[in-house]
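Below is one structure, written out as structure tokens; comments come after it.
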Amino acid sequence: MVWFLIMGALAVSCTGLPELHKTGSPEASHTRRACQGRYPLGNWQLLHTIQAELPGNQTGFLMGVTRLSSQKRSFQCVIMTLEGFVVFDALYDGTIRVERAVSPFDNQAFAQGVMADIQLIFFKPLANEITAGMLSDGAVVCRHSLDDGSVIDVAKPERHKWETRLYDPGHRLKRVVKHMNGENPTGNTPKGIAHKIELTALGTPGYKLVLDLVEALALESEDATLPGSE
């Protein structure tokens, strides 16, 4: 997994939190189950090709390997060049431990951004309150209110597509993550793992990452070694 040039504070979009229209109990329960089911369960090793669209019409291409445990909410992230050279290797188990970092990936802001975005993409939000309903555009949504005042909406605007939208405590939109399923050359994709992921960071500087799944391996043990992590 790769997040390019997260340096300094990001200015965020002024887009506000959309109104949520609550639904009845049976429908709300179904919506909550659907939202929970879009996250991977168990231990997985995921290989992605990554295209980063940066300010100034710059484009970068890398490979990312992420090994994650949904139960422990822990993961390891290795970022490599297309030739296999490791530029970033870090682990998260409640705290961040960087094993290797090559410039420009060798600063604290970058590591924190990587860990936060991986959690946003692959782990259920840690929220005491979850409200299910519908947005004005007809998309079903689960709204997660976090302790710090942030809000995460998990919405399904279209068939075979989910969106995760992160709002800061001021209810300004910071991240939009699209999870899309379709034809995949690797065959059937496990439940909760999308074929394609698009992450858009709003503000200045903004950027967009396009992650295409190459391989998803179920791990029997969380101690399996990632390529390039030794």
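The values are calculated or read from the model by the stated rules, or taken from the named source; none is laboratory data. These numbers were taken from a predicted model, which means no experiment stands behind them. Neighbour counts are summed over all protein chains in view; Cβ atoms, including those assigned to glycine, are modelled from backbone coordinates with ideal geometry. Accessible surface is based on the protein model in full, side chains and every heavy atom, while ligands, DNA and RNA are left aside. Shrake-Rupley method; radii C 1.70, N 1.55, O 1.52, S 1.80 Å.
Electrostatic bookkeeping for V154 treats Lys and Arg as +1 and Asp and Glu as -1; over the other residues with beta carbon under 10 Å from its beta carbon, the sum is +4. Pairs of Cα atoms nearer than 8 Å and 6+ residues apart set the relative contact order; for the chain it is 25 percent. Rolled with a 1.4 Å probe across the full set of protein chains, the surface gives D212 an accessible area near 50 Å². Full extension of the segment from Q51 to E220, taken as 0.36 nm per residue of separation minus the current Cα-Cα distance, would add 57.9 nm. Computed from the alpha carbon positions, the gyration tensor of the stretch 108-171 leads to an equivalent ellipsoid with semi-axes of 22, 15, 10 Å, biggest first. Helix content alone sets the calculated 222 nm mean residue ellipticity of the chain: runs of n ≥ 4 DSSP H residues at -39500 (n - 2.57) each, divided across all residues, give -4000 deg cm²/dmol. Do you know the relative contact order of the stretch 93-154, to the nearest whole percent, from alpha carbon pairs under 8 angstrom that are 6+ apart? Once normalised by length, the contact order is 20 percent. Within the shell of other residues whose beta carbon sits under 12 angstrom from the beta carbon of F123, the net charge comes to +3, with Lys and Arg scored +1 and Asp and Glu -1.
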